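The values are calculated or read from the model by the stated rules, or taken from the named source; none is laboratory data. Everything numeric here is computed off the predicted structure, so don't read it as measured data. Here Cβ is always computed from backbone atoms with ideal geometry, including for glycine, and neighbour counts include all displayed protein chains. To get the accessible areas, we keep the full protein, side chains included, count just its heavy atoms, and leave off ligands, DNA and RNA. Shrake-Rupley method; radii C 1.70, N 1.55, O 1.52, S 1.80 Å.
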Amino acid sequence: MSYEGGFSGRSNKLVDGCYSFWQGGANAIASSFYAPGDQMNDPWLERQGDEALGFSLLFDAPMLERYILLCAQDIHGGLRDKPSKPRDFYHSCYNLSGLSVAQHCDFGEEVYGDLEQTRVARTHPCYNIRIDRVRDMLQLTW
């Protein structure tokens, strides 16, 4: 994680908003191995509503949230790679997914912005879809 609060693809590269999910999600999955309790159960599916995951992430989640909300947002809507770039659907998707990962962990009361306006739905870091949709898919019989 860089000084700005976001992730970059590799060393000596600038921060890129899409890595908020690619690296943030991978770190969240790795962080779950340090969660208390049964390691065979999926901690994202065990929680209900806005209940926190109960374990800390291996990166500074409030800084990632702050980067996305301050630097990745475009004034006309959408999200972007970095402040000098235009908005696009790809970076909007993965910035929002990274924001979800950062917001729905147990890092205390440190939140950036107004929760009513900045809170996004919880997504599963393995599937990158909302938790309720993952539950629905897992209950289907094929």
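Among the conditions (1) modelled with pLDDT under 85; (2) more than 16 Å from residue 129 (Cα to Cα), residue 78 misses just one, which is (1). Determine whether residue 55 is closer than 18 Å to residue 122 by Cβ, crowded, with 18+ Cβ neighbours inside 10 Å, at pLDDT below 90 and over 13 Å from the mean Cα position of the chain (by Cα). In short, yes. Of 114, 74, 81, all but one fail to be of a type in the set (Asp, Glu) and open to solvent by 50 Å² or more (accessible area, probe 1.4 Å); the exception is 114. Scanning the stretch 59-92 for residues that are in contact with a helix residue (DSSP H, G or I) (Cβ under 9 Å, 6 or more places away or on another chain) and aromatic (Phe, Trp, Tyr) yields 59, 67. Within the stretch 21-37, residues that are under 17 Å from residue 67 (Cα atoms) sit with their Cβ atoms under 6 Å from residues that are of a type in the set (S, T, N, Q) and open to solvent by less than 60 Å² (accessible area, probe 1.4 Å), at 6+ positions apart or across chains, in these pairs: 21/97. Within the option set 35, 61, 26, being surrounded by 13 or more Cβ atoms within 10 Å (Cβ to Cβ), out of contact with any Phe, Trp or Tyr (no Cβ under 9 Å at 6 or more places or on another chain) and of a type outside the set (Asp, Glu) holds for one residue only, 26.
The set of residues in the stretch 122-139 being assigned to a loop (DSSP other than H, G, I, E, B), open to solvent by less than 90 Å² (accessible area, probe 1.4 Å) and at negative phi consists of 122, 124, 125, 126, 129.
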